[in-house]
1. What percent does the relative contact order of the chain come to when contacts are Cα pairs within less than 8 Å and at least six residues apart?
2. What is the distance in Å between the Cα centres of segment 248-267 and segment 217-232?
3. Scan the chain and note any complete DSSP helix (H) whose C-alpha atoms cover at least 24 Å along its axis and whose Kyte-Doolittle average is -1.0 or more.
4. Can you give the helix-only mean residue ellipticity at 222 nm for the chain, where every DSSP H stretch with n ≥ 4 adds -39500 (n - 2.57) and the sum goes over all residues, rounded to the nearest 500 deg cm²/dmol?
5. In Å², and per residue, what accessible area does the chain have when probed at 1.4 Å with the other protein chains present?
6. Give me the extension gain from Leu283 to Ser60: residue separation times 0.36 nm, minus the current Cα-Cα distance, reported in nm with one decimal.
7. Write down the Kirkwood hydrodynamic radius of the chain, to one decimal in angstroms, obtained as one divided by the mean of 1/r over all alpha carbon pairs.
8. Dipole of segment 12-98, Cα-centred, from +1 at each Lys and Arg C-beta and -1 at each Asp and Glu C-beta, to the nearest 20 debye?
Amino acid sequence: MTVPEKATTSPEPLLKVSGLVKHFPIKKGLLQRQSGAVQAVDGLDFDVRPGETLGVVGESGCGKSTMGRLVTRLLEPTSGTIEFEGKDITHLNTAQMRPMRRDVQMIFQDPYSSLNPRHTVGAIVSAPFRLQGVTPEGGIKAEVQRLLALVGLNPEHYNRYPHEFSGGQRQRIGIARALALKPKLVVADEPVSALDVSIQAQVVNLLDDLQDELGLTYVIIAHDLSVIRHVSDRIAVMYLGKIVELADRKDLYERPMHPYTKALLSAVPVPDPKRRAKRERILLKGDVPSPIAPPSGCRFHTRCWKATEVCERQEPPLVSLATGHQVACHHPESVSDVQLPPRGPDQAPEEKAGAEAAQKVTKKTES
Ligand SMILES: Nc1ncnc2c1ncn2[C@@H]1O[C@H](COP(=O)(O)OP(=O)(O)O)[C@@H](O)[C@H]1O
Ligand code: SF4
Ligand SMILES: [Mg+2]
């Protein structure tokens, strides 16, 4: 007899992503010949453990939504693999995906466009039951009302329309819909970015409470580090289609190793004025380059104050530089106390020293 393993003790990740790539072809002319591709996601490797929250951050256009839509199989990957509970789901067709649809759900960024304005809240939240042909115990209406109460809405409002609700309430409706089928994994794509700053924390806290209550696993996407700071167990930082750093939350905040992460962190507001005065603010020069023709070598080299010749030439692989702390950089920060693995003949000591000196000159200090 086999005893089912408890999710919390299972060493197996819930989601495992390897070499994930999505290139959107660009077609030109009458014949619609492919003239290039938007390299939206270009080789992601990560996993998500049962019960954790993985935060994913990066500037607009770096491929976060594409990643979310790939792992929830709303988009077909160009290459790479996606495993859910050990099962390869990379190329399952719609029919094969049907059972998995219950387990993996997505919450979208815009609570205005993601809810059909002509449908009542009851119809919206119960849609997953109809799509899956499931009748919940006690009937659909009772279950919808239970879900509405669960997300902090009035259960009596199931006959109302989305326009009768505020942005925060609409996002709660989206959350209720995502939770209807008791999913295992929820991918939330910038769930509070479209909301008023004053209610962002409420919705993030709701997600956090629901995770504890329902044993959910989250991937929460955000464009800056402030929103997901308190709820993430681990954080992946993306830049132009790649993960540049992946670490435990505390590690990432206290000892960021990638220059881009440092820059992102320096932009997070610090409430304490004493600490604010001490902190350097790093201003990145220029815009994010186009994912149609990303820079050679390290994609961040056009904006990095530590960039050297090797950065332009050679792409730094994502490697573990400390326990559970992966970084893709030739000249990582905060590594004096960690043993660096050999990184090839390119990284001469004087080159490192030079980069450190350059950093001191270009960093701006906030007064
Ligand atoms: N369906 C699509 N067709 C072509 N390009 C796309 C498509 N979806 C996204 N992109 C492009 O892929 C890149 C990454 O987009 P996205 O994943 O939305 O980034 P983010 O969510 O981080 O802002 C952008 O350059 C975007 O314009
Ligand atoms: S590899 Fe070079 S350019 Fe890229 S982040 Fe590191 S120092 Fe900067
Ligand atoms: Mg997005």
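The values are calculated or read from the model by the stated rules, or taken from the named source; none is laboratory data. Since the model is a prediction, treat every value here as computed from it, not as a measurement. No Cβ is skipped: glycine too gets one built from the backbone with ideal geometry, and neighbour counts run over all protein chains shown. Keep in mind that these areas ignore ligands, DNA and RNA; they rest on the heavy atoms of the full protein, side chains included. Shrake-Rupley method; radii C 1.70, N 1.55, O 1.52, S 1.80 Å.
1. On the way: 656 pairs, mean separation 63.0, N = 367.
Result for the chain is 17 percent.
2. Centre-to-centre distance over Cα atoms comes out at 14 Å.
3. 197-214
4. On the way: 12 runs with 115 residues, N = 367.
About -9000 deg cm²/dmol.
5. On the way: 18180 Å² over 367 residues.
On a per-residue basis, 50 Å².
6. Working it through step by step, the gained length comes to 78.6 nm.
7. Numbers: mean 1/r = 0.0449 Å⁻¹.
It is 22.3 Å.
8. Working: 11 positive and 10 negative charges, 113 e Å.
Taking the Cα centre of segment 12-98 as origin, the dipole is about 540 debye.
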